[in-house]
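Note sheet for the following structure.
The values are calculated or read from the model by the stated rules, or taken from the named source; none is laboratory data. None of these values were measured; they are calculated from a predicted model. Note that we place each Cβ from the backbone using ideal geometry, even for glycine, and neighbour counts take in every protein chain shown. The area values use the complete protein model at the heavy-atom level, side chains included, leaving out ligands, DNA and RNA. Shrake-Rupley method; radii C 1.70, N 1.55, O 1.52, S 1.80 Å.
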Amino acid sequence: MSEEVSKIVDSDGNHMVVKYANGYPFPSFEKLKDNLDEFKNWTPKPQDVFLFAYPSSGTHWLWEVTCMLIEGKAERLQLEKEHYMIENSSSKTLDNLKEPRVLNAHVYIEQVPECLLENNKIILISRNPKDTAVSWYNHNVADLETDYTGKFPAFYELFRVGNVPNGDWFNYNKTWWEWSKGRSNVLWVTYEDAKSDLKSVTKQIAKFLEIPASDELCQAIAQECTFKKMKAEKHNLLPFELRGDMSFYRKGQVGDWKNWFTVAQNEDFDQIWDEKMKDCDLPVQFTI
Ligand code: A3P
């Protein structure tokens, strides 16, 4: 499959512009396929930390927390953040980033170099797929490049079968989960846990990364990374010119799906969940 720009069309005839890499649809980042091909053959530094998640799971939020922990300061980072997202960066750009580095991506496991999977610390984030669907819908509507103007019900029909940018939520999370089981270089974090107690999750990340962070530092980072503060300060990962006014900070709540899903959609999704997750103990909070 080439990098050529393609379109996903919803049942109302509205399109979403995507690019394919390894057969998976992604938002149309410039040089997406080149960047991901280079990444597959790239060798990270042993200290590089990676955050992987299906989009809209809180990647940007926990990236900020992890960077602050590594820097040892509860301060907003003055970095060119867009370069820390792998889809958006060539291997040369990645090589030039100041160390120690925290990189993030929404890539599938087969797009990641073997040496990274074996040797580097990886934080995986999952979020209730119903909230993820709502957040990802709003993100796509706000993304200039995606050019999507559809309504949520039509987007939902695509999401439930995985025909949206970044593909199938179940496939993405289950593949990473099955691979990660029993591995000491992986930490799973849920959006909901981070929402309910960010200080504890910050401590968990510090322990995993073997960073001797004090209670005070974890508390200060949690305070610096509240939704309200990050939204007010516009901790944006990508500049406006790249992706438009995207909703990295839309609502930041657990359970907003209840304002979007109809009773029928909810029942439908519960059924899909039961089918797809019956043999899977993925750490994700679904029933809230
Ligand atoms: P909502 O659209 O539900 O508000 P990602 O960075 O993976 O794209 O995730 C984006 C989601 O994380 C958005 O969800 C965004 O509001 C939420 N988010 C970002 N920063 C957050 C924070 N500090 N606290 C809680 N949620 C946050």
Heavy atoms of Lys199 accessible to a 1.4 Å probe, total area in Å² rounded to 10: 50
Where Phe227, Phe50 fall by accessible area, highest first, once all protein chains stay in place (1.4 Å): Phe227, Phe50
Sum of side-chain charges, Phe39 neighbourhood, beta-carbon under 11 Å (Lys, Arg +1; Asp, Glu -1): -2
Charge-dipole axis of the chain as Lys and Arg at +1 and Asp and Glu at -1 on Cβ define it, positive-most pick from Val107, Thr226, Asn259: Thr226
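Keeping the other protein chains in place, figure out the carbon and sulfur percent of the accessible area of the chain, with a 1.4 Å probe. Intermediate results must be reported in sequence, preceding the final value.
Working: 6100 of 12630 Å².
With neighbouring chains kept in place, the figure for the chain is 48 percent.
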Overall Cα dimensions of region 43-142 - principal axes, largest extent first, Å: 36, 34, 21
Fluctuation leader among Thr93, Thr59, Thr202 - the chain, Gaussian network, Cα springs under 10 angstrom: Thr93
Counting all C-alpha pairs of the chain, share separated by more than 25 Å (%): 45
Charge dipole of region 1-152 about the Cα centre (unit charges at C-beta), most positive-ward option of Tyr148, Leu97, Ser6: Leu97
For region 94-103, Karplus couplings with θ = phi - 60° (6.51, -1.76, 1.60), whole Hz, Gly/Pro x: 4, 4, 7, 6, 4, 9, x, 10, 10, 10
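Mean separation of Cα pairs under 8 Å and 6+ residues apart, divided by the residue count of region 1-130: what relative contact order is that in percent?
Numbers: 187 pairs, mean separation 40.1, N = 130.
Taking the mean separation of contacting Cα pairs over the length of region 1-130, I get 31 percent.
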Solvent-accessible surface (1.4 angstrom probe) belonging to Thr175, in square angstrom, nearest 10: 50
Antiparallel DSSP beta bridges within region 5-277, as percent of all bridges there, nearest 5: 35
Candidate residues Ile86, Ile288: accessible-area rank, largest first, probe 1.4 Å: Ile288, Ile86
Debye, to nearest 20: dipole size of the chain, +1 on Lys, Arg Cβ, -1 on Asp, Glu Cβ: 620
The chain, relative contact order [Cα under 8 Å, separation at least 6], %: 25
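Expressed in nm to one decimal, what extension gain is obtained for the pair Thr43 and Glu75 from 0.36 nm per residue of sequence separation less their Cα-Cα distance? Mind dumping the intermediate values first?
Details: separation 32, 0.36 × 32 = 11.52 nm, distance 2.93 nm.
Difference between extended and current length: 8.6 nm.
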Accessible area per residue in Å² at 1.4 Å probe, computed on region 15-149: 34
Cα-based shape type of region 1-76, given that a ≥ b ≥ c are square roots of the gyration tensor eigenvalues and the cut on a/c is 1.5: oblate
Cβ charges +1 (Lys, Arg) and -1 (Asp, Glu), total dipole of region 108-262, debye: 500
